[in-house]
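Structure first, then comments.
Bear in mind that the values in this text are calculations on the coordinates, not laboratory data. What you are looking at is a predicted structure, and each value in this text was computed from that prediction instead of being measured. Here the Cβ positions follow ideal geometry from the backbone for every residue, glycine too, while neighbour counts run over all protein chains shown.
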Amino acid sequence: MELEKKLVEYIGGTRFGDFPEQDMKVAKNMVLTELGTTVAGAAMEGCETLVKMVKEWGGKEEATLLVHGGKVPAHHAVLANSTMARALDIDDSMIPGMHVGASSVITALAAAELAGGCGGKDFLTAIATGQDVAARINFATYYENSEPTWDASGVCGIFASTIAASKILRLDSTQLWNALGLTFTQPGGESMQAIVDGTLAVRLFQGSISRNSLFCTRLAQKGFTGPKNFLQGPWGYFHLYSRDRCDSEVLVGDLGKRFLLVKTMFKSYPSCGATIASTDAILYLVEEKGLQPEKVERIDVKVMPYTYKLVGKPFEIGEKPTVNAQFSIQYCVANALLRKESKIKHFEEAFIRDPKVLDLAGKVHVTADPGLDGGQREYSLRAEMKVATRTGDVYQKTQDIPSGFPGNPLKSEEHMERFWDAATYGAKGLPKDKVEKIISTIHHLEEMKDVRDLIPLLSG
């Protein structure tokens, strides 16, 4: 259990000043992102149902149902809040599809309520530490053919939420170790099948992660024990999810000196990360080559097998059109070509059923090409596009690194644009003054005396 011990010691010892400025900038962008996505998702299908259900359950008033208002038991609050944060699929992520902030930021905020308050520096440190450790576990994992057979959000990203909550609730080293061990035992049903079947379970996964992590943290705080060998044990994490292989240097090398927050990606468009490169490619051809939708005869897109399996199949509108569109390269490419952009509103049913976009989607043909990976996991979401026009012209574009991913990060103004788009979206969208107040507050988050002051800003 040497690896576990090193991580526990590292987690317990991190302080605000340990993290370089660029990593704290990532942590701030995570907070800003998740506050925006929670507002945007608050009125989405399934979310209001869950909020109503949680309120009907009742119980001790511990943490706030964000945007909607009212207090419920903390583990119920984060269940609803993180489901909202994930609903529009515009939260932060990390290859190979590990969604972290929609749980860790939301759970940290609830933990701050449980703790009776939390300063900005401690809040950011908790989030940054959780992100760094979850990233280390993720990148120390050997995926089968660069493809997980499970959703990394629930079996790996969940540790970030437990770590954030544990630091804010000030668990000692023994309690922290038990919290992590208990967290390891909780994942279940975290499968990509919910995505390819186009179901609302995709959103609920994130809420379950937050609920389970906070539950484990509070149990450990009360003396409940978990497996100490949760990573290295004969039936531990690396046995179950990494074929008994672990890159120990990635996992614990240079702890406190090398940080992996910069591996976080922030989506440039409101759709699955595996669709971003294809959307980038078509928008490049629209902007740089003047490509017009009415002139397109055929669009061919090559992606990795994992990407194809997740988002490359022919586009079909099922019971939940928004989810179908969010996870379809065909729709995302057709939408960007027709509307010359990709915004949250374009994933509403009326836009999805537009005959013009459906006609274009039928012209998009996606195929799997294992050779696109190049042996580097960072480039596994690469896309190659070829467009043939009715006049005989052929345009090509290869997008090696999707926009918003490590190596091709968003600019500050792009972060602001995506936050405005999210925070003002939908039935629960915020007025201009509150959006501006949130932005200003997050910019100086380390100066906040109590992050609970963020909560009222999320209600219109």
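Quick rundown of the values:
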{"quantity": "Cross-link reach list, aspartates and glutamates versus K289, counting only Cα pairs under 14 Å and skipping chain neighbours closer than eight places", "calculated": "D280, D393"}
{"quantity": "Charge tally in the Cβ shell below 10 Å around T199, where Lys, Arg are +1 and Asp, Glu are -1, T199 excluded", "calculated": "0"}
{"quantity": "Distant alpha-carbon pairs in the stretch 273-399 (separation over 27 angstrom), percent", "calculated": "12"}
{"quantity": "The stretch 396-460: trypsin sites (Lys or Arg not before Pro) falling in loop per DSSP and having at most 10 other Cβ within 10 Å", "calculated": "K411, K449"}
{"quantity": "Within the chain, helix-based [θ] at 222 nm, where runs of 4 or more DSSP H residues each add -39,500 (n - 2.57), nearest 500", "calculated": "-14500 deg cm²/dmol"}
{"quantity": "Burial ranking of peptide ranges 117-123, 30-36 (average Cβ count within 10 Å, highest at the top)", "calculated": "30-36, 117-123"}
{"quantity": "Residues S166, S208, S191, S403 arranged by fewest to most Cβ contacts within 10 Å", "calculated": "S191, S403, S208, S166"}
{"quantity": "Orientation-averaged projected area, Cα convex hull of the stretch 166-301 (nm²)", "calculated": "12.8"}
{"quantity": "Amide H partners (placed H, <5 Å) of M192, local residues excluded", "calculated": "D151"}
{"quantity": "FRET E, pair K222, A368, Förster distance 45 Å, beta-carbon r, rounded to 0.05", "calculated": "0.40"}
{"quantity": "Over the chain, relative contact order from alpha-carbon pairs under 8 Å, at least 6 apart, %", "calculated": "21"}
{"quantity": "Cα-based equivalent ellipsoid of the chain: semi-axis lengths in Å, sorted from largest, via gyration tensor", "calculated": "36, 25, 19"}
{"quantity": "Entries of K320/K428; K295/K397; K71/K121; K71/K320 with Cα pairs more than 28 Å apart", "calculated": "K71/K320"}
{"quantity": "Radius 15 Å from Cβ of G226, net charge of other residues (Lys, Arg +1; Asp, Glu -1)", "calculated": "+2"}
{"quantity": "Beta bridges by DSSP in the stretch 273-399, antiparallel share as percent, to the nearest 5", "calculated": "70"}
{"quantity": "Protection-proxy order for peptides 390-396, 346-352, each taking the mean of Cβ atoms within 10 Å per residue, highest first", "calculated": "346-352, 390-396"}
{"quantity": "Sorted by Cβ neighbour density within 10 Å, fewest at the top, the residues I344, I209, I299, I455", "calculated": "I455, I344, I299, I209"}
{"quantity": "Distance from the stretch 205-249 to the stretch 263-298 (C-alpha centre basis), Å", "calculated": "38"}
{"quantity": "Inter-probe distance in nm under a simple model that places probes 7 Å from Cα toward Cβ, at R245 and K313", "calculated": "2.8"}
{"quantity": "About the Cα centre, charge dipole magnitude for the stretch 273-399 (Lys/Arg +1, Asp/Glu -1 at Cβ), debye", "calculated": "60"}
{"quantity": "Difference of contour (0.36 nm per residue) and Cα-Cα distance, R298 to Q396", "calculated": "34.1 nm"}
{"quantity": "Which listed pairs, of K28/K267; K267/K340; K28/K340, have C-alpha distances above 22 Å, in listed order", "calculated": "K28/K340"}
{"quantity": "Assigned charges on the beta-carbon of Lys, Arg, Asp, Glu; the stretch 146-285 dipole about Cα centre (debye)", "calculated": "560"}
{"quantity": "Rel. contact order, % - alpha carbon contacts under 8 angstrom, at least six apart, the stretch 1-111", "calculated": "27"}
{"quantity": "Two-site label geometry, R353 and K289: point separation in nm, points 7 Å out along Cα→Cβ", "calculated": "3.3"}
{"quantity": "Potential extension, N229-K437 segment - 0.36 nm per residue separation minus Cα distance", "calculated": "70.4 nm"}
{"quantity": "Nitroxide proxy distance, nm - points 7 Å out along Cα→Cβ at E2 and T389", "calculated": "6.3"}
{"quantity": "Charged-residue dipole, Cβ positions (Lys, Arg, Asp, Glu), the chain about Cα centre, Debye nearest 20", "calculated": "460"}
{"quantity": "Cβ-based net charge around G119, under 15 Å, with every Lys or Arg adding one and every Asp or Glu removing one", "calculated": "+1"}
